[in-house]
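Reviewing the structure listed below.
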Amino acid sequence: KNQVEQSPQSLIILEGKNCTLQCNYTVSPFSNLRWYKQDTGRGPVSLTIMTFSENTKSNGRYTATLDADTKQSSLHITASQLSDSASYICVVSPSGGSYIPTFGRGTSLIVHP
Amino acid sequence: DVKVTQSSRYLVKRTGEKVFLECVQDMDHENMFWYRQDPGLGLRLIYFSYDVKMKEKGDIPEGYSVSREKKERFSLILESASTNQTSMYLCASSLIPTDNEQFFGPGTRLTVL
């Protein structure tokens, strides 16, 4: 069964600090991996997408990495801000076009002033 | 601007009531999805639809049904609400194929008493 595991489950950091969130997956064959950000009381919004051939992709202070050989991804947040407080969800899609993505359970990040 | 709207942000119903949750997207997307989100469990797929009048069961369809009479509208129906259906319900839409980015609505927090 396709699985996506995220760690840590929750994280508390001080404003201005960096942090890294992890995602391990067993989805195969692999199409792409997305990181979504979900603010409290809102739906998730896509931050980045990575395909098999991509190792790293940035979106402002967010940098995602992908190691397709070990089936691991990370999301690095630089110089955190209070607005980064949210849940971050890793979503992996299998290839084939008609298959459904598998969602991780998310990492809850709290940034304290 | 991409938009997915859900009929209610908060809903309180009694056990045994029939509940309708409605979702509308204005992006002409073929795919539409219904998820429920519970603390510690992440998003779980209830049903999805890849075309008008077409539907497929997700991971947890028991106790739910869906209707898609028009491309832009996807309804989730709880035939006889139970307390274990108290949850946050999120609707999403995407272009075909299903590994495309999903655009989420704001969610409906349903409480069944």
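Between A:ALA68 and A:TYR99, what is 0.36 nm times their sequence separation minus the Cα-Cα distance? Round to one decimal in nm.
9.3 nm
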Report summary line: At 25 °C and 0.890 mPa s, the Stokes-Einstein diffusion coefficient in µm²/s for region B:1-86, with hydrodynamic radius from the Kirkwood sum on alpha carbon pairs, is 181
Report summary line: Computed on Cα atoms, Rg of the protein assembly as shown relative to 2.2 N^0.38 Å comes out at 1.02
Report summary line: Partnerless cysteines (no other Cys beta carbon under 4.7 Å) identified across the protein assembly as shown are A:CYS19
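Is there a simple number for the mean count of other chain Cβ atoms within 10 Å of the Cβ of residues in B:99-109, and what is it?
Working: counts 18, 7, 8, 10, 4, 7, 2, 3, 5, 0, 1.
Per-residue shielding by partner chains comes out at 6.
Rounded to the nearest 20 Debye, what is the dipole magnitude of chain A about its Cα centre when Lys and Arg each give +1 and Asp and Glu each give -1 at the C-beta? Spell out each step's value before the answer.
On the way: 9 positive and 7 negative charges, 34 e Å.
Dipole about the Cα centre, nearest 20: 160 debye.
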Query raised in the report: So what does log10 I(q)/I(0) come out to for region A:17-83 at q = 0.15, 0.22, 0.27 Å⁻¹, using the Debye formula with one equal point on every Cα and no solvent?
Result: -0.49, -0.97, -1.27
Query raised in the report: Can you flag which of A:LYS37/A:LYS71; B:LYS3/B:LYS57; B:LYS3/B:LYS53; A:LYS1/B:LYS57; A:LYS1/B:LYS18 are past 26 Å Cα-Cα?
Result: A:LYS1/B:LYS18
Query raised in the report: Once Lys and Arg get +1 and Asp and Glu get -1 on their Cβ, which of B:THR111, A:PRO101, A:THR56 lies farthest toward the positive end of the dipole of the protein assembly as shown?
Result: B:THR111
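For region A:51-94, what is the Kirkwood estimate of the hydrodynamic radius, computed as the reciprocal of the mean inverse distance between distinct Cα atoms, to one decimal in Å? All intermediate terms of the calculation are to be shown ahead of the outcome.
Values: mean 1/r = 0.0852 Å⁻¹.
Its Kirkwood hydrodynamic radius stands at 11.7 Å.
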Query raised in the report: With the Cα gyration tensor of chain A giving a ≥ b ≥ c as the square roots of its eigenvalues, does the rule (a/c under 1.5 for rounded; else a/b larger than b/c for prolate; else oblate) give rounded, prolate or oblate?
Result: prolate
Query - Spin-label proximity, A:VAL45 to region B:23-66 - amide N less than 18 Å from point 7 Å beyond Cα toward beta carbon - result: B:26-27
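How many times 2.2 N^0.38 Å is the alpha carbon radius of gyration of region B:23-69? If you can, show how the numbers build up before the last one.
Working: Rg = 11.4 Å, N = 47, 2.2 N^0.38 = 9.5 Å.
Ratio of Rg to 2.2 N^0.38 Å for region B:23-69: 1.20.
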Report task. Determine the dipole magnitude for the protein assembly as shown: charges of +1 sit on the beta-carbon of Lys and Arg, -1 on that of Asp and Glu, nothing else is charged, the reference point is the Cα centre, and the result goes in debye to the nearest 20. Result -> 480
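We did not get these values from a lab; they are worked out from the coordinates using the rules stated. Everything numeric in this text was worked out from a predicted model, so none of it was measured. All Cβ positions, even for glycine, are placed from backbone atoms using ideal geometry, and neighbour counts span all protein chains on display.
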